[in-house]
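Working notes, structure below.
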Amino acid sequence: MSLKDNSQLKKNKVPYRQYSDYLKEKYGQKVYKLPVKLNLTCPNRDGTCAYGGCIFCGEEGGSFENLEQLSVRDQLLTNMAYIGKKYHANKFIAYFQNFTNTYQPLASYQRALADCRLENIVGVNISTRPDFLGEEYLLATEETCQGLDVCFELGLQSVNNHTLKILNRGHYLSDFIEGVLRLKKYPFRIGVHLIMDLPWDDELDIIEAAKILNALQVDEVKLHSLYVLKNTTLEKMLLNGEVALLNKETFQKRVILFLSHLDPNIVVQRIIGRAPKEASRFCNFGESWWKIRDEIIDQMNMQSIEQGSSIR
């Protein structure tokens, strides 16, 4: 192999443990997530622990796919047929994406999980809050999802309690740690959502976030940039000059810093997300998510930085 070929291989290398690679290793083929949207809310919207919801969250509750009018089974079958045909896919994960999925009547929660028992569904991912993981819901999940791989995706966003208060999360870091320890008693995977460019965080918070996830031995992490959806508290803050958003370069630097301190065994679901242009006041610095992702990968390769390379 020539030096040029070696250089190209290094340039194209993904320097972190990519979710798609993990799924392919586990199942022997590509696996696709199928979003499931339920008619739900959150306890920090209705006054149980706060009012108004997170300042960045819109009426969609973190999910922009809109098959809510269909049953869980029909949502899965519809998406399975479309994605299966488009990508020649045969295995899928049901992803309960919007709002707090463990904040609904237990019976409806169990019915939703039971509807996932379809041919070619190999797993269930459940998006929820770290402070709403009642034992009855975890027991019901274990019982209803036998034979399926289950991952609870916990919204954390920041490890800085002052930032969490500004975000109106309605929980603190201690609640997250307690939630992870509770999940550890069950055969579930644990995923964590973090926003890398929160203007109230600094680089120490980013490093600390990686170290906390390492110490807790979580399984997966999903990184976001801070996008501003229309008709949210964050949009009002932006328009009123109450918040100054960080630039793309800072976001990329923080992602690289985080990954360099992250345990190499933790699977990275993604390093940037996206929101529909029509629903956003600001998203991904006006650039495509894949371009920002590729720039991060190129920067890491050029600097010989890999996931976990800063761990001592």
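Points worth noting:
- Test for residue 37: is it modelled with pLDDT of 90 or more, open to solvent by less than 70 Å² (accessible area, probe 1.4 Å), in contact with a Leu (Cβ under 9 Å, 6 or more places away or on another chain) and basic (Lys, Arg): yes
- Residue satisfying all of: in region 221-243; touching a strand residue (DSSP E or B) at 6+ places or on another chain (Cβ under 7 Å), of a type in the set (A, V, I, L, M, F, W, C) and free of Cβ contacts under 8 Å to residues at least 60 places away in the same chain; farthest from residue 285 (Cα to Cα) among these: 221
- Residue in region 290-304 that is of a type in the set (A, V, I, L, M, F, W, C) and in a loop (DSSP other than H, G, I, E, B) present: no
Yes/no per residue for (1) at pLDDT 90 or above; (2) touching a Pro at 6+ places or on another chain (Cβ under 9 Å):
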residue	(1), (2)
17	yes, yes
46	no, no
50	no, yes
53	yes, no
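- Elements of type helices (runs of 4 or more DSSP H) contained in region 93-208, each with 3 or more residues being open to solvent by less than 30 Å² (accessible area, probe 1.4 Å): 106-114, 135-144, 173-183
- In this entry, residue 218 passes the filter for residues that are assigned to a loop (DSSP other than H, G, I, E, B) and either modelled with pLDDT under 95 or in contact with a Gly (Cβ under 8 Å, 6 or more places away or on another chain) (or both).
- Of everything in region 243-281 that is among the acidic types (Asp, Glu) and assigned to a helix (DSSP H, G or I), the residue that is most open to solvent (accessible area, probe 1.4 Å) is 278.
- Residue list for region 228-242, restricted to those being under 10 Å from residue 55 (Cα atoms), assigned to a helix (DSSP H, G or I) and open to solvent by less than 70 Å² (accessible area, probe 1.4 Å): 233, 234, 235, 237
- Close Cβ contacts (under 8 Å, 6 or more residues apart or on different chains) running from residues in region 152-167 that are without any contact (Cβ under 8 Å) to a residue 60 or more places away in the chain and under 20 Å from residue 141 (Cβ atoms) to residues that are among the aromatic types (Phe, Trp, Tyr) and assigned to a loop (DSSP other than H, G, I, E, B) comprise 152/188.
The values are calculated or read from the model by the stated rules, or taken from the named source; none is laboratory data. The shown structure was predicted, so the numbers you read here are calculated from the model rather than taken from an experiment. Note: ideal-geometry Cβ built from the backbone for every residue, glycine included; neighbour counts use all protein chains shown. Areas reflect the complete protein model, heavy atoms only, side chains present, ligands, DNA and RNA absent. Shrake-Rupley method; radii C 1.70, N 1.55, O 1.52, S 1.80 Å.
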